[in-house]
Each structure stands twice: as C-alpha cells, then as structure tokens.
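Only the coordinates and a few stated rules stand behind these numbers; no lab work does. Because the structure is a prediction, the values reported are computed rather than measured. Backbone-built Cβ (ideal geometry, glycine too); neighbour counts: all protein chains shown.
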Amino acid sequence: QVQLVESGGGLVQPGGSLRLSCAASGSIFNSYAMGWYRQAPGKQRELVATITSRGSTIYTDSVRGRLTISRDNAKNTVYLQTNNLKPEDTAVYYCNLPMRTTWGQGTKVTVSS
C-alpha cells in the first residue's frame, strides 16, 4: 500500500556528507515505523536506522552520531542525513517498512578518496 523511492546518493570523499531522501506514497504513511537499510558490496543488507511513527529513533552502533534519520509526515518523506562519511559506509541505501518484503532500487552512496 506504500511505494518508496530513494534518492540523494552519490560519490563523496571521506568526511563528506549527503542527505538521502525517501519519498513515499500512501495515505497511511504516518502510521508506520520506517527504516533505512544498506547493502555494502559482498555483504548482507542491514538495518542502520529506524524512526517510529512518533518520531523516536534507533541507530546501529556503527552509524550513531554520524547518521540521522528524520521524517516529515506532511510530505510523506523520510530522510537520512549522513555526516563524516567513511569508506565503510559505501553501500546501496534503501528505505522500507519493517517486515515488508518488497524493495525499491535504492540509492548508491560511494565514499572514496
């Protein structure tokens, strides 16, 4: 019932920043928790940040303090502000709802010098 489109990725040097966006369609967007996931080359997809319907946030230890998830329910959009990026942050980033099995194309973040 919700469709998600990620954008904002690109090539940045270590220490750089990007703001990723997830545009959602669906009339009940604000009723769901949302998450940002990433899949690095040769690795499994992992959850890096979650934001609940009430705005509470949870981060995996490796990104805490550098990545910030937020949402604007009026715009049906979830954001991931990425700061002080490291080469190990290189991945395709996806947004999704917990337990949803359909994935979009994601947006690729490459951190390299």
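Quick look at the values:
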item	result
Expected-Rg normalisation [2.2 N^0.38 Å, Cα atoms] applied to the chain	0.99
Hz values of 3J(HN,Hα) by residue in the range 79-85 - Karplus curve (6.51, -1.76, 1.60), Gly and Pro given as x	10, 10, 7, 10, 10, 6, 5
Anchor residue 43: aspartates and glutamates whose Cα lies under 15 Å away (excluding residues fewer than 8 positions away in-chain)	88, 89
In nm, spacing of pseudo-spin labels at residue 47 and residue 70 (7 Å Cα→C-beta vector)	2.3 nm
Ellipsoid semi-axes in whole angstrom, largest first, where each is sqrt(5λ) of the Cα gyration tensor of the range 37-95	21, 12, 11
Relative contact order %, the range 1-102, counting alpha carbon pairs below 8 Å whose residues are six or more apart	35 percent
Charged-residue dipole, Cβ positions (Lys, Arg, Asp, Glu), the range 1-72 about Cα centre, Debye nearest 20	120 debye
Estimated distance in nm for a label pair at residue 88 and residue 101, the labels positioned 7 Å out from Cα along Cα-to-Cβ	3.3 nm
Protection-proxy order for peptides 82-89, 61-68, 34-41, each taking the mean of Cβ atoms within 10 Å per residue, highest first	34-41, 82-89, 61-68
Cβ-based net charge around residue 106, under 15 Å, with every Lys or Arg adding one and every Asp or Glu removing one	+2
